[in-house]
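Student: Input: one structure, supplied below.
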Amino acid sequence: MKIKTMLGVAATALIMVVGALTPADAAAAPPGARVTSTSATEGTMTSTSSEATRTKGEGRSALASNQTAESDRAAVFAATCYNAYVAGRNFYMTCTSDAYGYRVYVDCSNGFRYYFGTLYFGTWNHVLTCPVGTYAVWGGWWL
């Protein structure tokens, strides 16, 4: 009887230790951001972020509404984004692309950059929304 009791206590202790060792980041994974994009010719599309990373990955920052791109610099890129501004959880920008297309991202106050996998061609107005409890810092495009 003592052996069964000791095995039961050992099993319970093992379960408690294994439960305590679960990664803390698993519960703290950032919720997804979303983007709503509108085009005069293509209509409206909405998608959720496909990836979030704490490191500043690849991407080109959008130009603020009071900035202008140098024409030769803009010609090298697959997209030109302009009229960008931030309002709370939302980052707004308009982008125009050539034949290569582009994807968008948003940086949020929780330290994450949210990437969206949708490939855009032509001119689109984007509203990128950070998760609840955060605010938009800035955004841009990537290939």
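Student: Within segment 114-134, count every residue that is surrounded by fewer than 22 Cβ atoms within 10 Å (Cβ to Cβ) and outside any strand (DSSP E or B).
Tutor: Result for segment 114-134: 9.
A quick yes/no check of all residues on (1) surrounded by 13 or more Cβ atoms within 10 Å (Cβ to Cβ); (2) modelled with pLDDT of 85 or more; (3) assigned to a helix (DSSP H, G or I):
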residue	(1), (2), (3)
A11	no, no, yes
I15	no, no, yes
T44	no, yes, no
F91	yes, yes, no
A99	no, no, no
Y105	yes, yes, no
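The values are calculated or read from the model by the stated rules, or taken from the named source; none is laboratory data. Keep in mind the model is a prediction, meaning the values are calculated, not measured. Quick reminder, even Gly has a Cβ in these numbers, built from the backbone with ideal geometry, and neighbours come from all protein chains shown.
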